[in-house]
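Data block below; observations after.
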Amino acid sequence: MAESGEVPAAELLAAARGGDHGAFGRLVGPLRDELRAHCYRMLGSVHDAEDAVQETLDRAWRGLERFEDRGSIRPWLYKIATNRALTLIERRGRRELPTALDPGSAEVAWLEPYPDRLMSWTAELGPEARVVARESVELAFVAALQRLPALQRAALLLRDVLGYAAREAADLLDTTVPAVNSALQRARKSLAEVLPADSRRRALDDLGETGRRELARRCAAAWEAGDVEAIVALLTQDAKYSMPPLTAWYAGHDGIRAFLLEGPLKRRWRLLPARANGQLAFGTYMWDGNAYVPAGLDLLVVRDGRVAEVVSFLDADFAEFGLPAELR
């Protein structure tokens, strides 16, 4: 039931069908952020996801007369968005991973980080659905999705993340229930082979708010002091370090220590906390002689109170994460 002063969806739909673009915007606006998250999971790119959502809404507006009103416009929009994402995946072709890449690593050269602020819509969900939605944009999960064939990717998201029944998912994908079930089983098997048993969020929850703050403080202090041994002491023995879109990566204390000494720690650094993919994150700033300028958005994977992986997105748009353009 619509709250006081809120126009019912049926009235907005009728007005939109009559050519009222403002009514259409009010009808679909509340769904825009969750559609963007869905397209991000499918495509691994915030920018591609935004383009897919915009085209989804444009197509929905132009094809509104073809919408069969069955109580909610949401499944119809998801159908358009999913098929648009599938088309984009087909057009760009399969993106190959570096042959040396550990299949369990979160690093995928073309992957983009996702600002936590774009997940505010999950506050409207129930507790269980909210956890599923937020865990589904964790970096490792989204990276693993990119390794799946497109239909498997879509089937898993529609069924396991969005909660559609097999028949509903088949309708959204214009395929059969057996095809959806087969794709889902294969997708689950593939993900089980590369994803850890516990999500990144659960590892952070286990650390607690005080533990998270302390780990973040120690990371920032070590980098700003240029103390390589303090940085390495915060890492697990099997830690990994990567820098998308570069395909080079480093592993273990010795490999990461050598990399830091040969390059990054020859410069001065400042770090600011950020929020991305539900993980600990920093905007890293490098001194260029006049100011500290953006160098990368670092996402940290935490395990047992230490840093198990650092993924430094060198091309991240700092403004998207509420980070300043420079520091003095």
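The values are calculated or read from the model by the stated rules, or taken from the named source; none is laboratory data. Owing to the predicted nature of the structure, the values given are computational and were not obtained by experimental measurement. Cβ placement follows ideal geometry from the backbone for every residue including glycine, while neighbour counts extend to all protein chains displayed.
Here are some notes:
- Residue, modelled with the lowest pLDDT, within the range 58-70, restricted to residues that are part of a helix (DSSP H, G or I) and among the basic types (Lys, Arg): Arg66
- Filtered residues of the range 261-298 (kept if among the small types (Gly, Ala, Ser) and under 29 Å from the mean Cα position of the chain (by Cα)): Gly263, Ala274, Ala276, Gly278, Ala281, Gly283, Ala295, Gly296
- Test result for Asp116, in the same structural domain as Asn277 (by TED's automatic domain parsing) and more than 21 Å from Trp76 (Cα to Cα): no
- Of all residues making up the range 202-252, the number that are out of contact with any strand residue (DSSP E or B) (no Cβ under 8 Å at 6 or more places or on another chain) and not in a loop (DSSP other than H, G, I, E, B): 21
The rows are residues; the columns are (1) in a helix (DSSP H, G or I); (2) exposed (fewer than 14 other Cβ atoms within 10 Å of the Cβ); (3) at pLDDT 90 or above.
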position: Asp48; (1), (2), (3): yes, no, yes
position: Asp51; (1), (2), (3): yes, no, yes
position: Thr56; (1), (2), (3): yes, no, yes
position: Thr82; (1), (2), (3): yes, no, yes
position: Arg91; (1), (2), (3): yes, yes, no
position: Arg95; (1), (2), (3): no, yes, no
position: Asp102; (1), (2), (3): no, no, no
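- The residues of the range 13-46 that are over 19 Å from Phe313 (Cβ atoms) and in a loop (DSSP other than H, G, I, E, B), listed by number, are Gly18, Gly19, Asp20.
- In a residue-by-residue description of the range 202-214, the property of being free of Cβ contacts under 8 Å to residues at least 40 places away in the same chain, closer than 27 Å to Trp287 by Cα and more than 24 Å from the chain's Cα centre (by Cα) applies to at least one position.
- Residue count for the range 151-198 satisfying the condition of being polar (S, T, N, Q) and surrounded by 20 or more Cβ atoms within 10 Å (Cβ to Cβ): 1.
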